[in-house]
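So the structure is just underneath, and the comments pick up after that.
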Amino acid sequence: MDSALPVVRRKRKRRRGRANADPFVNPIDSPNDSAPTPERAAGALLWWAAAGVNFTLGERPFDHFAAPEAVSSRLRDGPAAESAPPSRPAAAFAPRASAPLLGAPAQAAAAELAAAARDLPALRATLESFEGCGLKKTATQLVFSDGVPGSRVMLVGEGPGGDEDRIGRPFVGRAGQLLDRMLQAIGLDRSQVYIANVVPWRPPGNRTPTPEETQICLPFIKRQIELAAPQFLVCLGALSAQTLLGVKSGITRARGSWYPYMCGDGREIRAIAMLHPAYLLRSPSQKRAAWADMRALSAALR
Ligand code: URA
């Protein structure tokens, strides 16, 4: 009998503190709320943190439903509707803080801006001022490229990780060091290749870029490939192979095969899909397959 007592007490206690006990209801949204108090706001923050939200995008709420109209009218009216001079198209499309580009309008703006970039420095400058991709808000800086444009080989990864975000160059962390060793194995180093990513800003928490983020960044990486003009394109990992080569299968099936990559100007580049070095760090038994792919690249280069 005695042992049942604490259980009864616990149950009563829980019932008394019931107001915001539902874990699916944010305390700040409770229907019984009157004015928000500092305690309730603190409770709401704890609730968000427990739900996995660990960063904020801005200080003020933003009405995402209002944005597309504001943006499409700006796209419709063209750069002339903006105060920036027409000679700076990136600035002309750069949104004001109150109306960031989103979704399809951002993709349309990205395509227009990417096509307008005449060389790689111009493309980099365009990306520096582009506000249409949410990843930029949480990233420390743009991670544009490493290596030498015009090299015979261009490698494209998924997106920067923490080290790349801090340093501003692609593939400088552990995966990058492995990539260097893979290149070295076929007699290459960073002075003989050009390196970039499908998305040039670090996705928060190193998550995979969403399809929307990927589509918004796609015109930029395509233009970067066109301007860097490699002879061979190496797509590292599933996202790169699927996005750039239209591969439908997983990377373990797609790797090791050659694909045609069509540039916007009609030029064709030979492309190969390979396992991502970060995956190889987690699955060292796959290094044999990666070595076979590096040898295939080496043979093509000879
Ligand atoms: N992984 C990538 O795909 N790119 C980088 O730049 C670093 C890690």
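The values are calculated or read from the model by the stated rules, or taken from the named source; none is laboratory data. Computed from a predicted structure; not experimentally measured. Note that each Cβ is placed from the backbone with ideal geometry, even for glycine, and that neighbours are counted across all protein chains shown. Each accessible area value is taken on the protein alone, full model and side chains, heavy atoms only, with ligands, DNA and RNA left out. Shrake-Rupley method; radii C 1.70, N 1.55, O 1.52, S 1.80 Å.
In this structure, Ala273 does satisfy being within 15 Å of the ligand (Cβ to nearest atom), among the hydrophobic types (A, V, I, L, M, F, W, C) and out of contact with any Gly (no Cβ under 7 Å at 6 or more places or on another chain). Just wondering, is there one or more residues in the range 258-268 that are within 27 Å of Arg202 (Cβ to Cβ), of a type in the set (Ser, Thr, Tyr) and open to solvent by less than 20 Å² (accessible area, probe 1.4 Å)? Yes; the residues of the range 258-268 include at least one that is within 27 Å of Arg202 (Cβ to Cβ), of a type in the set (Ser, Thr, Tyr) and open to solvent by less than 20 Å² (accessible area, probe 1.4 Å). Scanning the range 190-202 for residues that are within 10 Å of the ligand (Cβ to nearest atom) and either open to solvent by less than 30 Å² (accessible area, probe 1.4 Å) or at pLDDT below 95 (or both) yields a total of 6. State whether one or more residues within the range 138-150 are assigned to a helix (DSSP H, G or I) and within 12 Å of the ligand (Cβ to nearest atom). For the range 138-150, residues assigned to a helix (DSSP H, G or I) and within 12 Å of the ligand (Cβ to nearest atom): absent.
Counting the residues of the range 223-246 that are within 16 Å of the ligand (Cβ to nearest atom) and either open to solvent by 10 Å² or more (accessible area, probe 1.4 Å) or not in a strand (DSSP E or B) (or both) gives 12. I'd like to know if the range 180-189 contains one or more residues that are more than 23 Å from Trp258 (Cα to Cα) and more than 9 Å from the ligand (Cβ to nearest atom). No - not one qualifying residue is present in the range 180-189.
Filtering the range 105-145 down to residues that are within 17 Å of the chain's Cα centre (by Cα) and acidic (Asp, Glu), which residue is surrounded by the most Cβ atoms within 10 Å (Cβ to Cβ)? Going through the qualifying residues, I end up with Glu131.
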